[in-house]
Each structure stands twice: as C-alpha cells, then as structure tokens.
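Trainee: Sending over a structure as structure tokens; questions will come in a sec.
The values are calculated or read from the model by the stated rules, or taken from the named source; none is laboratory data. What you are looking at is a predicted structure, and each value in this text was computed from that prediction instead of being measured. All Cβ positions, glycine included, derive from the backbone under ideal geometry; neighbour counts span all protein chains shown. We work out accessible area using only protein heavy atoms, side chains counted, and drop any ligands, DNA or RNA first. Shrake-Rupley method; radii C 1.70, N 1.55, O 1.52, S 1.80 Å.
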Amino acid sequence: MKEKILVTGGCGYVGQALLESLAKDFEVTVVDLCIYGENQVQDINLIKEDISNATPSWFEGVTTVIHLAGISNDPIADTFPHANYVVNAAGTAYLAEVAKRCGVKKFIFPSTCSVYGYISHEADELENCKPSFAYGISKLMAEKALFALAGEDFKPVILRKG
C-alpha cells in the first residue's frame, strides 16, 4: 500500500513537475482551484476546491501535506492585498490546523526568501526576518502559524526558496 500525500496547488507550475515524481511512489491527492488548468498527470485524485474550505475528508489516511497553493509573488500580492493575507497567512494556518487534527504528521511548506526583506548579504535560516512587502509578511505569518502548531505529532518543514 502506497503512502498518501496531499498536495495543494498541484496544478500550478511547480506542482505539475512535482506530481510526475510523486505519482510513481505515492498515492497523491491534489487540492487546487485549477485557475491555470487541470492536472495533466495520470493516477492523481483531484479536488477542485479552495484551501480555505478544507475538510477532514481531504486528509483521510494522509501522512504528508505539501502546501504549494497561494498567492505566488510580490506583484500579485500588491495587486490583491486582501487575498494575499487571506490565502497565504490565514489559509495556510487553517489548512495546517485541520491537517494536524486529522493526524497528518508532516507539513511541507515552500515559503520564500522574501521573509528576510531586502538585505545586502546572503541570509541563513537564523537571519532576523523583516519582510518589506505584503507577500513576505504573509509568508512569515504562515511560518509562525506552522511553528505554533508544531509538536511531537506534527512536524512542519519550511523551505525558504529564492
């Protein structure tokens, strides 16, 4: 029996590439509004839904969530500031809280280097975070929510990609 993984935002640019690899070894469910089209990978369960509508049924048997869904950059966040905070901060917190209640053990969250703000040197994970714009602020808020939920039975993994 294959391990079950839930991927939010799996129909987006990064998600499509990731799903091709995951589908070989895992039972994968994708939650996505499909704004950019539907998943093209075979053997994937698709739930066309907003992450803010997460229900326990999404997480039945799921051990890991890979959370890619969200507002994806500074220009979009600046254009739609309300959606940026609702989706990136509150949506992530709510999704993770429901996942934890349902017994999900690992929550992988690709965040962003924007949480550091504008700095003139290479940052590391111990760098003091002072995001300069709405996008970075919303991602840092999501990270803090994940850390608040962390415990022996729920392990968030945060990746600050550039």
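Trainee: Could you please give the count of residues in the stretch 150-162 that are open to solvent by 90 Å² or more (accessible area, probe 1.4 Å) and farther than 19 Å from ASP74 by Cβ?
Mentor: Kept after step one, since they are open to solvent by 90 Å² or more (accessible area, probe 1.4 Å), are these residues of the stretch 150-162: 152, 155, 161-162.
Next, only the ones that are farther than 19 Å from ASP74 by Cβ stay: 152, 155.
Number of matching residues: 2.
Trainee: Another question about this same structure. Quick check on my filter: what residues within the stretch 38-51 are open to solvent by 60 Å² or more (accessible area, probe 1.4 Å) and either under 25 Å from ALA83 (Cα atoms) or among the hydrophobic types (A, V, I, L, M, F, W, C) (or both)? So that I can check it myself, show each step before the final result.
Mentor: So in the stretch 38-51, the residues open to solvent by 60 Å² or more (accessible area, probe 1.4 Å) come out as 38, 40, 42-43, 45-46, 48-49.
Result: GLU38, LEU46, LYS48, GLU49.
Trainee: Checking the conditions here, which among ALA99, ALA83, ALA93 is farther than 23 Å from ASP153 by Cβ and modelled with pLDDT of 95 or more?
Mentor: Working: ALA99 fails: farther than 23 Å from ASP153 by Cβ; ALA93 fails: farther than 23 Å from ASP153 by Cβ.
Sole residue among the options that is farther than 23 Å from ASP153 by Cβ and modelled with pLDDT of 95 or more: ALA83.
Trainee: Here are some conditions: (1) modelled with pLDDT under 85; (2) open to solvent by 30 Å² or more (accessible area, probe 1.4 Å). ILE35 meets all but one. Which one does it not meet?
Mentor: (1)
Trainee: Something else: Return the residue satisfying two criteria in turn: it lies in the stretch 83-96 and is under 17 Å from LYS144 (Cβ atoms) and among the small types (Gly, Ala, Ser), and of such residues it is most open to solvent (accessible area, probe 1.4 Å). Steps first, please.
Mentor: Taking the stretch 83-96 and keeping what is under 17 Å from LYS144 (Cβ atoms), we get 84-96.
Still in the list and also among the small types (Gly, Ala, Ser): 89-91, 93, 96.
Values: ALA89: 10, ALA90: 56, GLY91: 3, ALA93: 31, ALA96: 0 Å².
Among residues in the stretch 83-96 that are under 17 Å from LYS144 (Cβ atoms) and among the small types (Gly, Ala, Ser), the one most open to solvent (accessible area, probe 1.4 Å) is ALA90.
Listed here are the residues, each with its yes/no results for (1) under 24 Å from THR112 (Cβ atoms); (2) free of Cβ contacts under 8 Å to residues at least 40 places away in the same chain.
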position	(1), (2)
ALA17	yes, yes
GLN40	no, yes
SER57	no, yes
GLU60	no, no
PRO81	yes, no
ASN88	yes, no
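Trainee: Let me ask another. Any chance the stretch 91-99 includes a residue that's in contact (Cβ under 8 Å) with a residue 40 or more places away in the chain, more than 23 Å from MET141 (Cβ to Cβ) and part of a helix (DSSP H, G or I)?
Mentor: So far as the stretch 91-99 goes, no, none of its residues is in contact (Cβ under 8 Å) with a residue 40 or more places away in the chain, more than 23 Å from MET141 (Cβ to Cβ) and part of a helix (DSSP H, G or I).
Trainee: For ALA77, state whether it is farther than 16 Å from PHE109 by Cα, among the aliphatic types (A, V, I, L, M), touching a residue at least 60 places away in the same chain (Cβ under 8 Å) and not in a loop (DSSP other than H, G, I, E, B). Break it down stepwise before answering.
Mentor: Numbers: farther than 16 Å from PHE109 by Cα: yes; among the aliphatic types (A, V, I, L, M): yes; touching a residue at least 60 places away in the same chain (Cβ under 8 Å): yes; not in a loop (DSSP other than H, G, I, E, B): yes.
In short, yes.
Trainee: Hey, another quick one. Go through the stretch 100-156 and count every residue that is of a type outside the set (A, V, I, L, M, F, W, C), touching a Phe, Trp or Tyr at 6+ places or on another chain (Cβ under 6 Å) and not in a strand (DSSP E or B).
Mentor: So in the stretch 100-156, the residues of a type outside the set (A, V, I, L, M, F, W, C) come out as 100-101, 103, 105-106, 110-112, 114, 116-118, 120-122, 124-125, 127-128, 130-132, 135-136, 138-139, 143-144, 151-153, 155-156.
Filter once more, keeping what is touching a Phe, Trp or Tyr at 6+ places or on another chain (Cβ under 6 Å): 100, 114, 127, 132, 138, 156.
Right, trim to not in a strand (DSSP E or B) and you get 100, 114, 127, 132, 138.
Number satisfying all stated conditions: 5.
Trainee: Would you call LEU126 touching a Pro at 6+ places or on another chain (Cβ under 9 Å) and either farther than 22 Å from TYR85 by Cβ or open to solvent by 20 Å² or more (accessible area, probe 1.4 Å) (or both)? It would help to see each step written out before you state the result.
Mentor: Numbers: touching a Pro at 6+ places or on another chain (Cβ under 9 Å): no; either farther than 22 Å from TYR85 by Cβ or open to solvent by 20 Å² or more (accessible area, probe 1.4 Å) (or both): yes.
So LEU126 does not fit the description; no.
Trainee: Follow-up question, since we're still on this one. Pick out the one residue from PHE133, PHE147, PHE109, PHE80 that is closer than 24 Å to CYS34 by Cα and either of a type in the set (D, E, K, R) or open to solvent by 50 Å² or more (accessible area, probe 1.4 Å) (or both).
Mentor: It is PHE80.
Trainee: Looking for whichever is within 15 Å of PRO110 (Cα to Cα), open to solvent by 70 Å² or more (accessible area, probe 1.4 Å) and among the β-branched types (Val, Ile, Thr) here; the options are VAL14, VAL65. Which one fits? Spell out how you get there, then give the answer.
Mentor: Details: VAL65 fails: open to solvent by 70 Å² or more (accessible area, probe 1.4 Å).
Testing whether each residue is within 15 Å of PRO110 (Cα to Cα), open to solvent by 70 Å² or more (accessible area, probe 1.4 Å) and among the β-branched types (Val, Ile, Thr) leaves just VAL14.
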